[in-house]
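Chemist: The structure follows.
The values are calculated or read from the model by the stated rules, or taken from the named source; none is laboratory data. None of these values were measured; they are calculated from a predicted model. Note that we place each Cβ from the backbone using ideal geometry, even for glycine, and neighbour counts take in every protein chain shown. For accessibility, only protein heavy atoms count, side chains too; no ligands or nucleic acids. Shrake-Rupley method; radii C 1.70, N 1.55, O 1.52, S 1.80 Å.
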Amino acid sequence: MAALEETRRLLDRIAFLALTPASAKDSLAGIARPVRYAAGEVVFRRGDPGEGMLIVLDGLVRVHLSTAAGRELSLGLVGGGEPIGEVALVDGGPRSADATALTPVSALLLRHADAVALIAADAALASALLRTLAARLRRATDQVEAVGLRGLPQRLAATLLQLSAMDPSGLVRLPQGQIAALIAATRPKVNLALHEFRARGLIEPARAGLRLIDRDGLRAVVEER
């Protein structure tokens with residue numbers, strides 16, 4: 001009973017469920033299963049059976065595509081309070097991308113087999129899921145634009161701002177290699193761009209990563225053409 005009540009409280013913190021009736025959240029709490037992943041652990045791979053949707057509670061997950069030759073394209077980052085794999089919750093189909101935990105991750109798993117009846121019976125819950133799908137499509141479009149139309153400094157500045165916003169301390173804790181993978185760049189080029197940002201007074205090294213000291217300046221970089 002205590003575990004069920006805690007899960008219910010966690011669901012109350014999830015923004016995309018804000019308009020979902022309490023009765024529907026009660027039902028979701030009854031089927032949600034807590035899961036954890038270590039940093040670097042595969043959450044799922046493209047083509048895996050779509051067991052359902054994960055709601056990330058803490059940590060950071062990278063969604064990406066990979067080729068047999070080792071090339072990768074990042075599709076986005078998923079942090080606390082955000083869903084991942086929501087399409088599988090609706091249709092139960094195979095995973096359409098890879099997902100890897102960049103940090104230790106705790107999440108709630110909502111299985112398709114358990115949720116399908118709830119979705120069919122509750123219009124507000126179905127509406128909440130449609131909103132998450134629409135938001136994911138917008139983010140995918142933004143990612144394509146970022147890789148195809150923005151230069152490396154713009155992509156790097158946007159990613160630093162996003163990573164900082166997802167961290168409770170406001171730091172960017174990912175190593176340069178992972179940041180490079182996120183913005184479709186090489187590590188040496190990212191290193192050079194970070195040195196330039198530091199020289200411009202936009203960032204500074206911290207004990208546990210990077211600290212953003214001029215967020216407005218970084219936002220101006222993002223808007224540069």
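Chemist: In nm, to one decimal, how far is the modelled label at S169 from the one at D91, with both set 7 Å along Cα→Cβ?
Modeler: Result: 4.2 nm between the two label points.
Chemist: Okay, moving on. Taking only protein heavy atoms into account and a 1.4 Å probe, give the accessible area per residue of the chain in Å².
Modeler: So the chain comes to 52 Å² accessible per residue, rounded to a whole number.
Chemist: Tell me, in nm to one decimal, what length is gained between R8 and A69 on full extension, where the rule is 0.36 nm per residue of separation less the Cα-Cα distance?
Modeler: This chain segment gains 17.6 nm when fully extended.
Chemist: First compute the accessible area of the chain with a 1.4 Å probe, then give the percent of it belonging to carbon and sulfur atoms.
Modeler: 56
Chemist: Right, next: Residue-wise, which Karplus ³J(HN,Hα) couplings in Hz belong to the stretch 54-60, taking 6.51 cos²θ - 1.76 cosθ + 1.60, θ = phi - 60°, and x for glycine or proline?
Modeler: 9, 10, 6, 9, 9, x, 9
Chemist: Now for a separate question. Would you mind counting up the charge near S96? Only other residues with Cβ under 12 Å from its Cβ, with Lys and Arg at +1 and Asp and Glu at -1.
Modeler: For residues surrounding S96, the net value is 0.
Chemist: If you don't mind, another one. Could you grab the relative contact order for the chain? Cα pairs under 8 Å, six or more apart, rounded to a whole percent.
Modeler: Taking the mean separation of contacting Cα pairs over the length of the chain, I get 20 percent.
Chemist: Report, in debye and to the nearest 20, how large the dipole of the chain comes out about its Cα centre when Lys and Arg carry +1 and Asp and Glu carry -1 on their Cβ.
Modeler: For the chain, the charge dipole is close to 600 debye.
Chemist: Also, I was wondering about something else. Report the calculated FRET efficiency for A22 and T186 (r = Cβ-Cβ distance, R0 = 35 Å), to the nearest 0.05.
Modeler: Result of the calculation: an efficiency of 0.10.
Chemist: If we sort 53-65, 34-46 on the protection proxy, mean other Cβ atoms within 10 Å, highest first, what's the order?
Modeler: Per-residue mean Cβ counts within 10 Å order the peptides as 53-65, 34-46.
Chemist: Here's a follow-up. Just need the relative contact order of the stretch 91-225 here, percent rounded to a whole number, with Cα pairs under 8 Å and 6+ apart.
Modeler: Worked out over the stretch 91-225, it gives 22 percent.
Chemist: Would you mind calculating the relative contact order of the stretch 1-108 from Cα pairs under 8 angstrom and at least 6 residues apart, reporting the percent as a whole number?
Modeler: So the answer I get is 36 percent.
Chemist: I've got another one for you. From the mean inverse distance of alpha carbon pairs (Kirkwood) and the Cα radius of gyration, derive Rg over Rh for the stretch 41-161.
Modeler: Radius of gyration relative to Kirkwood radius: 0.99.
Chemist: Explain nothing, just the number: dipole magnitude of the stretch 2-99 about its Cα centre with +1 on each Lys and Arg Cβ and -1 on each Asp and Glu Cβ, in debye rounded to the nearest 20.
Modeler: Around 120 debye, computed over the stretch 2-99.
Chemist: Roughly how many Å is it from the Cα centre of the stretch 17-80 to that of the stretch 189-210, as a whole number?
Modeler: Cα centroid to Cα centroid, the span is 30 Å.
Chemist: Follow-up question, since we're still on this one. When all alpha-carbon pairs of the chain are counted, what percent fall beyond 32 Å?
Modeler: Everything past 32 Å amounts to 24 percent.
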